[in-house]
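I have placed the structure first, in the form of structure tokens, so that the comments after it can refer back to it.
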Amino acid sequence: KATMKSLRFISAEVFVSNAEFARKSLGSVAHNLFPLLFKASYLLEQGEVIHDLVENWPLVDFNVGKLLGKTVDYQEDLSHRTCSVCLESCLTGLRDYVLNHPSPYMKRLKVVDLTGIKDVEVQFCECKKPMGRWARTQLLSKLCLELLVHLQQMQHNPGASEISIDVLIDLFVTERNYELVVQALLKKCCCPLKIHCVAFRADNLALQKFFYIIKLTDPSLLRKLEVVHNVRLEMDHLEMLFNSIHFPLLMSLTLPARTFNVRRLTAADELMLTAIGEKMSEMTQLTELSMAFSILTGRIRKLLSPLKTPLKVLDVSNCSLNHADMAYLANSLHSNHLEVLDLSGHNIPDFYPSTFFKLLSHSSSVLRSLILEECNIQDAHVNMLILGLRPCQKLQEFKFLGNPLSSEALKHLFMFFCELPMLKNVEFPVPRDCYPIGITYPIDDANLCNFDHQKYESVAEELKLILLQANREGVKASTPLFGSYDAAVEETNNELGAYLMKSFKETLEKFTNSLEEMS
């Protein structure tokens, strides 16, 4: 669907489409037209023009999310276009802004905000080459260090070193870019571009390195912290982290799998768990918490009850919750505020149907996203599920992959989905009747693709037809067998794959050595 453009925007497109002419004429362009020209250049991927616009930016702030978002002249939001050509031009333009003018008096830029860029699966830019969060972290760090080298060589230009620009960014650090980012953060005080980390993601990083770099980011400004996958953070490390660093503005916390394992807790461990809960209560802004794939049986109250602010986002998928945990969640102050809830990997119908439906009814007025993957929801439970979901009129997303449901049950559910006015995205399982008879759930990876693909396609078409006939073709319905798209994982999967292979090899070698010693 084409978005309407104002006459001003069309004129801006014409102006920037001749890159050579546009670059020569920037000196005579009114300052208040720079944002308009920036968005037009971004839409047309005019890298050279973008570079020169940023290099000569006449305004106090440069907020990429706002500049590319919905504007009066062009309603379409371009902030999800992480176009490599455009973003590289922005950042090199920023470096050259500092370097290329002898007089600092014209320079008004104080804040650059790169946090509004959204990483998505499908890129609409011509170059089709996205620059993800990891690559943006890498490039900004590299440019900051280059800038310092240039400034040392340009001692005749004292104006450049007087410039100070705060650059707000979401950093993503792995083993591969760690050294570069550390150097950039260590030298921040001498660099005119000051990296201010708003969100920090660590993956595939030794614990010692994680502890070192997190202190360099200035944790007092951090809003979001994601420690994922290959960072071996366990309960005692988490307590150390919270004891040594304060996160007063932290709103969102994601912990790696197996951070908690309450199966064999000593008395000292119980005290540690209490201490972690109390430390989290000091994070008065915390509203999003993800603790997936930890073992938390019977301890949800201990961790969540001290929190001063109700949670809006909670991911406790595959956390071995028991009835007491579910009862606490259903009756807690959090239940009326939950907008995003992930309870995947729990046998809801058999173990705690009534407490789950109580939780659902409490959160129904605000719930936007519900994820119930591999929850043993069967055909017999569909009517009950519909009753529970009916009050959730704000629901935008429902994911229920991996549940043993038949084609008929799915059709019944899809007819109900047409009644949810805000629903945009559904992830549904391959129907049970597409798999060989006798398949057991949850289905292991080896058998996941072993289904009748032709029959599945036929059922999927019928489900989409139900939406179409109800004028709900805007609802995206899909079956991503191996889970939803994750931009950060996608961008670094080569490094993570290599790390996993290395770990596997080391484990195999240890095992072989043990066998040799035994023999």
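The single condition among (1) within 24 Å of Tyr352 (Cβ to Cβ); (2) open to solvent by less than 10 Å² (accessible area, probe 1.4 Å) that Phe414 does not satisfy is (1). With respect to the conditions (1) over 22 Å from the mean Cα position of the chain (by Cα); (2) of a type in the set (A, V, I, L, M); (3) assigned to a loop (DSSP other than H, G, I, E, B), Leu205 lacks only one, and its number is (1). Contact annotation: residue pairs with Cβ atoms under 9 Å, 6 or more positions apart or on different chains, pairing a residue in the stretch 143-165 that is not assigned by the TED database to the domain that holds Tyr97 and assigned to a loop (DSSP other than H, G, I, E, B) with a partner that is modelled with pLDDT of 90 or more and among the basic types (Lys, Arg), are Ser164/Lys110; Ser164/Lys194. Considering the stretch 303-336, the residues that are of a type in the set (Val, Ile, Thr) and open to solvent by 10 Å² or more (accessible area, probe 1.4 Å) include one that is farthest from Glu239 (Cα to Cα), namely Val313. In this entry, Asn243 passes the filter for residues that are open to solvent by 20 Å² or more (accessible area, probe 1.4 Å) and modelled with pLDDT of 95 or more. Cβ separations smaller than 7 Å between residues 6+ apart or across chains give the following pairs from the stretch 37-59 residues that are under 18 Å from Phe124 (Cα atoms) to residues that are open to solvent by less than 10 Å² (accessible area, probe 1.4 Å) and in a loop (DSSP other than H, G, I, E, B): Lys39/Leu78; Tyr42/Leu78; Leu43/Leu78; Glu45/Cys125. What residue, of Leu420, Leu401, is within 29 Å of the chain's Cα centre (by Cα), open to solvent by less than 30 Å² (accessible area, probe 1.4 Å), assigned by the TED database to the domain that holds Leu370 and more than 23 Å from Gly345 (Cα to Cα)? Only one candidate passes the filter, namely Leu420.
Does at least one position in the stretch 85-95 carry a residue that is exposed (fewer than 14 other Cβ atoms within 10 Å of the Cβ) and modelled with pLDDT of 95 or more? The answer is no, given that none of the residues of the stretch 85-95 is exposed (fewer than 14 other Cβ atoms within 10 Å of the Cβ) and modelled with pLDDT of 95 or more. Of all residues in the stretch 174-196, those satisfying the criterion of being open to solvent by 10 Å² or more (accessible area, probe 1.4 Å) and in a loop (DSSP other than H, G, I, E, B) are Glu175, Arg176, Lys187. Of the residues making up the stretch 8-42, those that are open to solvent by 30 Å² or more (accessible area, probe 1.4 Å), touching a helix residue (DSSP H, G or I) at 6+ places or on another chain (Cβ under 7 Å) and within 17 Å of Asp73 (Cα to Cα) are Arg8, Phe15, Pro35.
Residue by residue, here is whether (1) of a type in the set (Lys, Arg); (2) more than 25 Å from Thr479 (Cβ to Cβ); (3) open to solvent by 10 Å² or more (accessible area, probe 1.4 Å); (4) over 23 Å from the mean Cα position of the chain (by Cα) holds:
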| position | (1), (2), (3), (4) |
| --- | --- |
| Leu338 | no, yes, no, no |
| Asp342 | no, no, yes, no |
| Tyr352 | no, yes, no, yes |
| Thr355 | no, yes, yes, yes |
| His362 | no, yes, yes, yes |
| Arg368 | yes, no, yes, no |
| Leu372 | no, no, no, no |
| Asp379 | no, no, yes, yes |
| Met384 | no, no, yes, yes |
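Beta carbons closer than 8 Å, at least 6 apart along the sequence or on distinct chains, pair a first residue in the stretch 223-234 that is on the phi > 0 side of the Ramachandran plot with a second that is open to solvent by less than 30 Å² (accessible area, probe 1.4 Å) and among the polar types (S, T, N, Q) for His229/Asn204. Quick check, is Ala199 touching a residue at least 60 places away in the same chain (Cβ under 8 Å), in contact with a helix residue (DSSP H, G or I) (Cβ under 7 Å, 6 or more places away or on another chain), outside any loop (DSSP other than H, G, I, E, B) and surrounded by 14 or more Cβ atoms within 10 Å (Cβ to Cβ)? Taking the combined requirement at face value, the residue does not satisfy it. Can you tell which of Leu151, Leu171 is hydrophobic (A, V, I, L, M, F, W, C) and touching a Lys or Arg at 6+ places or on another chain (Cβ under 8 Å)? Going through Leu151, Leu171 in turn, the sole match is Leu171. Within the stretch 251-268, no residue that is touching a residue at least 12 places away in the same chain (Cβ under 8 Å) sits with its Cβ atom under 7 Å from a residue that is loosely packed, with under 10 Cβ neighbours inside 10 Å at 6+ positions apart or across chains. Number of residues in the stretch 443-463 that are open to solvent by 90 Å² or more (accessible area, probe 1.4 Å) and at pLDDT 95 or above equals 4. Only residues that are outside any loop (DSSP other than H, G, I, E, B) and either under 15 Å from the mean Cα position of the chain (by Cα) or at pLDDT 90 or above (or both): list them for the stretch 106-129, please. Within the stretch 106-129, Val111, Val112, Asp113 meet the criteria.
Evaluate the stretch 172-195: report whether one residue or more is of a type in the set (Ser, Thr, Tyr) and within 29 Å of Ile300 (Cβ to Cβ). Within the stretch 172-195, not a single residue is of a type in the set (Ser, Thr, Tyr) and within 29 Å of Ile300 (Cβ to Cβ).
The values are calculated or read from the model by the stated rules, or taken from the named source; none is laboratory data. The structure displayed is predicted, hence computed values, not measured ones. Here Cβ is always computed from backbone atoms with ideal geometry, including for glycine, and neighbour counts include all displayed protein chains. Surface areas here come from the heavy atoms of the whole protein model, side chains and all, with no ligands, DNA or RNA. Shrake-Rupley method; radii C 1.70, N 1.55, O 1.52, S 1.80 Å.
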